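Here is the structure we will look at, set down as structure tokens.
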Amino acid sequence: MSQGSGEHQLKYMFYPKSVAVIGASRKPGKIGHEILRNLIEYGYPGKIYPVNPSADEILGLKCYKSVLEIPDEVDLAVISVPAKFVPEVLEQCGKKGVKAVAVISAGFGEIGNVDLERKIVEIARKYNMRLLGPNIFGLVYTPSKLNASFGPRDVLPGNIAFISQSGALGIALMGWTILEEIGLSAVVSVGNKADIEDADLLEFFGKDEHTKVILIYMEGVKDGRKFMKVAREVSKRKPIVVIKAGRSERGAKAAASHTGSLAGSDRVYDAAFKQCGVLRANNFEEAFDWARALAILPPPSGENVVIITNGGGAGVLATDACEAYGLKLLEMPKDLEDKFRKYMPAFGSPHNPIDLTGQASEEQYKGALLEALNEPRIHSIILLYCQTIITDPEALADAIIEAYTQAKVKKPIVVNFVGGVECDRAMRKMEKAGIPTYPTPERAVSALAALHRWARYAGYIKQT
Ligand code: ACO
């Protein structure tokens, strides 16, 4: 059982006033050295104390022989010494009054050293310290400019908290979010979850003003009941997206030997997630697609969706995807058809999908979009564009952004542009303006469907 109030104690982990790096190596390329470098270069504004018995100074900072020699309080200690030395170092941290520790070192429960793992948890509890790990790559919290990890440095600030049970995948995804320009509030490597587990982090991020969505890669949960209890409550306020690996029998066996997780029956996980409003993604592409939409869009107030397109084919694919993902397309009332007819040639279609045709101009897109945004019977919008020589993608992006900012009511919109580099540039522009964009109609629909599922669970869409 975890100790103390998670929320109270975890604040030292994410808002530390000072950080000690124990095992801060003098040698570039070693883990303890790179964690120290990340802390400094990511711009952590608090005090940083390297600890190494054989060094006087590392990376321009005065070095201490032991944490006990530090003349100041230490909120967080990041421990990067070989596993066998961790108990002794933890005892020193406890005596020093350190509030939270992140144990990077591997060589505990994951290789059968269960007793050593139990011992470090006992020491942490004796001194009322919360312990992250062991067997982790560290943690990042962008609002505190804290990068206490040996992952990529330039994590972009945003409001998605990403929790990973897998080390290598977690580090890889950190880099990938930078490439994809996805902003994060936090990256937390949970490793063996000897003390701090998913439920503790859900409690913390559930109340964290900088986090809008919580995304977890997990192979198993330690305490299923606790996870469900907390997830059920947090999901009502914030969406939780989970990639639960080990769907297949062989995948479950692989998870068991990777992190020692007892995968349990996948159907049990599936049912439990549904019950507590957790959105289960099949893979990380889907998870981040959903998280981006969930992080920036307002929840829909009803089920009615419209598709606006200049290409019949894209409209049909999106219609199929709406059926597959459980989104309800609005049966277009006659008066609305007449309104949309104003923005298309005679051979266009004002039904749903609203097909503005291949000759649609930016103005026609803008007019139709504003109509949909201001229409109370429409709750969400899927906007598609197939690149033509008639409409410049970047000018269209500007028109969409203008319509979205001018609209009287904020409602969810997802956008898909299909085409060349100009489309890519246009989509990045819309992303920056707070409109989530996707490279295929299906991915746009899937993200909107996740938002609708969450809005149903959280009560924004009233069930009839
Ligand atoms: N207090 C402070 N510093 C100490 C102490 C101590 N008690 N004991 C040793 N040190 C110093 C060492 O002198 C050394 O500094 P130096 O290089 O300047 O001499 C430094 O601490 C590190 O100690 P080393 O013995 O050199 O250990 P090393 O850096 O090789 O390894 C580590 C330590 C990284 C913790 C290693 O044991 C380990 O567990 N590696 C795996 C980490 C990992 O994979 N975690 C999961 C990540 S997720 C994923 O899979 C990607």
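Taking amide H atoms as placed 1.01 Å from N in the peptide plane, the amide H of Ile354 lies under 5 Å from those of Ile307, Ile308, Thr309, each 5 or more residues away in sequence or on another chain. Annotation: the antiparallel percentage among DSSP beta bridges lying fully within the chain is about 15.
Answer rounded, prolate or oblate for the range 298-458, using the Cα gyration tensor with square roots of eigenvalues a ≥ b ≥ c: rounded when a/c is under 1.5, else prolate when a/b is larger than b/c, else oblate. Note, shape of the range 298-458 comes out rounded.
Scalar couplings 3J(HN,Hα) for the range 308-317, obtained by applying the Karplus form with A = 6.51, B = -1.76, C = 1.60 to θ = phi - 60°, are 10, 8, 10, x, x, x, 4, x, 5, 4 Hz; x denotes Gly and Pro. In this simple spin-label model, placing a label point 7 Å from the Cα along the Cα-to-Cβ direction at both Trp176 and Arg225 gives a separation of 3.6 nm. In the context of the full protein assembly, Asp398 retains an accessible surface of approximately 60 Å², using a probe radius of 1.4 Å and ignoring ligands and nucleic acids. Sequence-ordered 3J(HN,Hα) estimates for the range 409-422 from the Karplus curve with 6.51, -1.76 and 1.60 and θ = phi - 60° stand at 10, 8, 9, x, 9, 10, 10, 10, 10, 10, x, x, 4, 5 Hz, glycine and proline given as x.
Report the charge-dipole magnitude of the chain in Debye, nearest 20, computed about the Cα centre from +1 at each Lys and Arg Cβ and -1 at each Asp and Glu Cβ. Each step should come with its number before you reach the end.
On the way: 57 positive and 54 negative charges, 289 e Å.
My answer is approximately 1380 debye.
Near the amide H of Tyr127, within less than 5 Å, lie no amide hydrogens of residues on another chain or at least 5 residues away, with H placed in the peptide plane. Dividing the C-alpha radius of gyration of the range 155-296 by 2.2 N^0.38 Å, with N its residue count, gives 0.96. With a 1.4 Å probe rolled over the protein heavy atoms of all chains, the accessible area of His452, His351 falls in the order His351, His452, largest first. Can you pick out the pairs among Lys429/Lys462; Lys342/Lys366; Lys17/Lys432 whose Cα atoms lie more than 22 Å from each other? Exceeds cut-off: Lys429/Lys462; Lys17/Lys432.
Between Ala254 and Glu331, the simple label model (points 7 Å from Cα in the Cβ direction) yields a spacing of 4.6 nm.
Taking amide H as placed 1.01 Å from N in the peptide plane, Tyr438 has its amide H under 5 Å from the amide H of Val415, Asn416, Phe417, each at least 5 places away in sequence or on another chain.
Once you have the Kirkwood Rh of the range 1-138 from its Cα pairs, apply Stokes-Einstein at 10 °C and 1.306 mPa s and quote D in µm²/s.
For these conditions, the coefficient is 107 µm²/s.
Solvent-accessible area of Leu179, all protein chains in place: 120 Å² (probe radius 1.4 Å, heavy atoms, ligands and nucleic acids excluded).
Taken one residue at a time, the phi angles of the range 384-395 give Karplus couplings (6.51, -1.76, 1.60, θ = phi - 60°) of 10, 8, 9, 4, 10, 6, 6, 10, 7, x, 6, 5 Hz. Gly and Pro are set to x. Sites listed here are trypsin sites (Lys or Arg not before Pro) in the range 73-116 whose DSSP assignment is loop and whose Cβ has at most 13 other Cβ atoms within 10 Å, and the list is empty.
Taking each DSSP H run with n ≥ 4 as -39500 (n - 2.57) and averaging over every residue of the chain yields -13000 deg cm²/dmol at 222 nm. In terms of overall dimensions, the chain has a Cα radius of gyration and Dmax of 24.8, 81 angstrom. Taking the centroid of alpha carbons for each part, the range 410-424 and the range 47-89 are 49 Å apart.
The values are calculated or read from the model by the stated rules, or taken from the named source; none is laboratory data. Please read all numbers here as calculations on a predicted model, not as lab measurements. Quick reminder, even Gly has a Cβ in these numbers, built from the backbone with ideal geometry, and neighbours come from all protein chains shown. Surface accessibility is based on the protein's heavy atoms, side chains included, excluding ligands, DNA and RNA. Shrake-Rupley method; radii C 1.70, N 1.55, O 1.52, S 1.80 Å.
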